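Notes to accompany the following structure.
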Amino acid sequence: MRLLRTIVTAGVTAVIVLMVPAAAAQAAPSDAASCQPSPVSQPFLAWGDSTYYELVPGGDFAGPPDWSLDGGAALSDAGGTASLALADGAVATSPQACVNVVHPKVRFFARTDTPGTTVGVDAVFDDDHGSVSIPIGTVSPTTDWAPTQPLTFRPAIVPAIDGGSAYVGLSFTANGGTAYISDVYIDPWRKW
């Protein structure tokens, strides 16, 4: 009986010790609880993806986006499509949008004139120490407009979760040449 009590006490203590660092790493309280449903569509249905997505704020680049643009990132009309041109090393960061921890995916259209160019995508959120940027994937655009594969940012946003949802921005960085992105979508916080 004494051995069982010692094992249980040690187990409870270990769980508490493991939980304390996780709680300390949680993001600062946000307004995630006030997330509202947004209009959704199925922009990738023609490519076999029936998921409903929400356009990231300014993600169609139809007008001046409320995005942070650095290192040569600029609006473009590449091939007749309103887009964002990312010169080699340029970085563009979207405004934050509310995402659900259950379905956190991002997908967009991309192209390049330079085969071998890649676009790194990071999840960006705020925590107690400021802004955090965590890589969620890399895409390799082709020379024709095409949808990227869905990228999931579930592991990246775990520190930002507040009630099952989080405010997350997306940061895009071109490497190796100029890349163009357009129609940036997320699997939204709530679809109904």
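Any read-out appearing in this document is the output of simple, stated calculations on the displayed coordinates, not a laboratory observation. Note that this is a predicted model, so its numbers are computed, not measured. Please note: Cβ atoms are built from the backbone with ideal geometry, for glycine as well, and neighbour counts cover all protein chains shown.
When Ala110, Ala87 are screened for being more than 26 Å from Ser165 (Cβ to Cβ), more than 14 Å from the chain's Cα centre (by Cα), among the aliphatic types (A, V, I, L, M) and surrounded by fewer than 20 Cβ atoms within 10 Å (Cβ to Cβ), only Ala87 passes. The residue pairs whose first member lies in segment 53-68 and is touching a residue at least 12 places away in the same chain (Cβ under 8 Å) and over 16 Å from Ile186 (Cβ atoms), whose second member is of a type outside the set (Gly, Ala, Ser) and part of a strand (DSSP E or B), and whose beta carbons are closer than 9 Å, counting only pairs six or more residues apart or on different chains, are Ser68/Val91; Ser68/Thr93.
Only residues that are farther than 11 Å from Val168 by Cα, of a type outside the set (Val, Ile, Thr) and buried (at least 22 other Cβ atoms within 10 Å of the Cβ) were counted in segment 113-146, giving 1.
Here Gln36 passes the criteria (1) closer than 13 Å to Val184 by Cα; (2) loosely packed, with under 11 Cβ neighbours inside 10 Å except the one numbered (1).
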